[in-house]
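*Asks:* I am attaching a structure below and will ask some questions about it afterwards.
We did not get these values from a lab; they are worked out from the coordinates using the rules stated. Treat the numbers as computed from the prediction; the structure is a model and nothing was measured. Note that we place each Cβ from the backbone using ideal geometry, even for glycine, and neighbour counts take in every protein chain shown.
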Amino acid sequence: MTEQTKPMMEHSEGSPGYGTFVAVWAALVVLTGLLVFVSHFGQKAAVWGLLTITPLKAGFVFYFFMHLKYEGPLVKGVVFVALGTLLIFFALTYADVAFR
Amino acid sequence: MSSQASAHEEPRDDFGAKLGMWLFLVTEMILFGGLFIGYSYMRSKYPAEFHHAGSELNATIGILNTLVMLTSSLTVVLAIVSLQRGEKGKTVAFLGATLLLAALFLMDKGIEWRGEIGRGLYPDAPHLATLPPGEQVFFGLYYTMTGLHGLHVLAGMGVLGWVLMRVARGQISRDNSVVLENAGLYWHLVDVIWIFLLPLFYLAA
């Protein structure tokens, strides 16, 4: 067994039960309700909701449903590098658009 | 779960399988991320047109579909838990529920698209051609991004249906649950993409 396979086995043996995931789902539903509620206060509020609540919801799915919480540093690194690259491209695009 | 091959088993690398799936998902993130960047640029260029075009969409169906998608993500993860506990019947039931929810999602989307197409709001439609360029761009992005997402839902249904059959036949069990875990990872990413599509098109536009 390699070092990298160990965390998977540990995770399988000690993975969370049904209740944990139902609680995460309930949190996601509440956050969706909050996002819809916030969007009623105008476009600016809706955009702030998009920039704050939506990444939080996605984070919940990544961290719990996709088991990123239980993965080793290699898988976490792959995901963070990909998301970081996307963020850099977003920033570069806006830097370009803002100063035209 | 074992990554080591016995004398009669094919060699298997569960960690490699999972890492490979994550690498594939990264390409999907970049694919949709590029579209999100394109949307953001166009939205900053045509804010009023995007606002008006967004009000033409049926936000109720968008919100309902978000709840459907979130619930389908839950049923997939519950299917994984039940498989790892050796509860085959529950795994089949949770996967069946996921497929039903996915079909409901596509049905909702179909109803929504039908309404929009009926009002002449589709690419290259004579009515859409009379609207300002910003609104034409909005509907172009809307059909491209929700259509591409819909294709991913269809692909996910195919994969999860295949996994469901193999679980029912006993070919996937707690000993090789990585197959279901990887199918679940794909489905959760499809869910994450929709989490972003809801505010982009229905709430913040």
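*Asks:* Cα to Cα, under 28 Å, and not fewer than 8 places away if on the same chain: which lysines meet these conditions relative to B:Lys109?
*Replies:* Within the straight-line limit of under 28 Å, B:Lys109 reaches these lysines: A:Lys44, A:Lys57, B:Lys45.
*Asks:* How many Cβ atoms of partner chains, on average, are near each residue of B:172-183 if near means within 10 Å of its Cβ?
*Replies:* The shielding value for this peptide is 1.
*Asks:* For the pairs A:Lys69/B:Lys18; A:Lys76/B:Lys88; A:Lys76/B:Lys18, note any where the Cα-Cα span goes beyond 19 Å.
*Replies:* Over 19 Å apart, Cα to Cα: A:Lys76/B:Lys88.
*Asks:* Using per-residue counts of other Cβ atoms within 10 Å, averaged over each peptide, order B:42-52, A:73-83, B:190-200 from highest down.
*Replies:* B:190-200, B:42-52, A:73-83
*Asks:* Going by average Cβ neighbours within 10 Å, how do the peptides B:142-151, B:174-183, B:117-126 rank, with the highest at the top?
*Replies:* B:174-183, B:142-151, B:117-126
*Asks:* Moving on. So what's the back-of-envelope 222 nm ellipticity for chain B, counting only DSSP H runs of four-plus at -39500 (n - 2.57) apiece and dividing by all residues, rounded to 500?
*Replies:* -27000 deg cm²/dmol
*Asks:* Does chain A come out rounded, prolate or oblate, given a ≥ b ≥ c as the square roots of the eigenvalues of its C-alpha gyration tensor, rounded meaning a/c under 1.5 and, failing that, prolate meaning a/b above b/c?
*Replies:* Oblate is the answer for chain A, as a/c is 1.5 or above yet b/c matches or exceeds a/b.
*Asks:* Quick one: net charge around B:Gly96, please, counting Lys, Arg +1 and Asp, Glu -1 for every other residue with C-beta under 15 Å from its C-beta.
*Replies:* Neighbour charge sum, excluding B:Gly96 itself: +3.
*Asks:* Given H placed 1.01 Å from N in the peptide plane, which residues other than close sequence neighbours of B:Ile172 have an amide H under 5 Å from its amide H?
*Replies:* Answer set, sorted by chain and number: B:Val167.
*Asks:* R0 = 41 Å: FRET efficiency of A:Tyr18 with B:Ser40, Cβ-based, nearest 0.05?
*Replies:* It comes to 0.60.
*Asks:* While we're looking at this one, here's another question. What's the magnitude of the charge dipole for chain A around its Cα centre, counting Lys and Arg as +1 and Asp and Glu as -1 at the beta-carbon? Answer in Debye, nearest 20.
*Replies:* So the magnitude is around 360 debye.
*Asks:* Related question: If you take every residue apart from B:Ile63 with its C-beta less than 12 Å away from the C-beta of B:Ile63, what net charge results, scoring Lys and Arg +1 and Asp and Glu -1?
*Replies:* Surrounding charge for B:Ile63 is -2.
*Asks:* How charged is the neighbourhood of B:Leu164? Take every other residue with its Cβ under 13 Å from the Cβ of B:Leu164, and add Lys/Arg as +1 and Asp/Glu as -1.
*Replies:* +4
*Asks:* Charges only on Cβ, +1 for Lys and Arg, -1 for Asp and Glu: so what's the dipole of the protein assembly as shown about the Cα centre, in debye to the nearest 20?
*Replies:* Its charge dipole is roughly 340 debye.
*Asks:* Taking each full run of DSSP H in chain B as one helix, which ones are at least 27 Å long along their axis (Cα atoms) and have mean Kyte-Doolittle hydropathy of at least 1.0?
*Replies:* Helices meeting the span and hydropathy rule in chain B are B:59-84, B:178-197.
*Asks:* How would you classify the protein assembly as shown from its alpha-carbon gyration tensor, with a ≥ b ≥ c the square roots of the eigenvalues: rounded for a/c under 1.5, else prolate if a/b is greater than b/c, otherwise oblate?
*Replies:* Judged from the Cα gyration tensor, the protein assembly as shown comes out prolate (a/c at least 1.5, a/b above b/c).
*Asks:* Please give the average number of partner chain Cβ atoms lying within 10 Å of the Cβ of each residue in A:58-71, rounded to a whole number.
*Replies:* Per-residue shielding by partner chains comes out at 5.
*Asks:* Let me ask something additional. Can you give me the span-like helices of chain A, meaning DSSP H runs with 24 Å or more of Cα extent along the axis and Kyte-Doolittle mean at or above 0.0?
*Replies:* A:18-39, A:43-60, A:73-98
*Asks:* How many partner chain Cβ atoms sit within 10 Å of a residue's Cβ in peptide B:44-55, on average, as a whole number?
*Replies:* Neighbouring Cβ atoms belonging to other protein chains average 1 per residue here.
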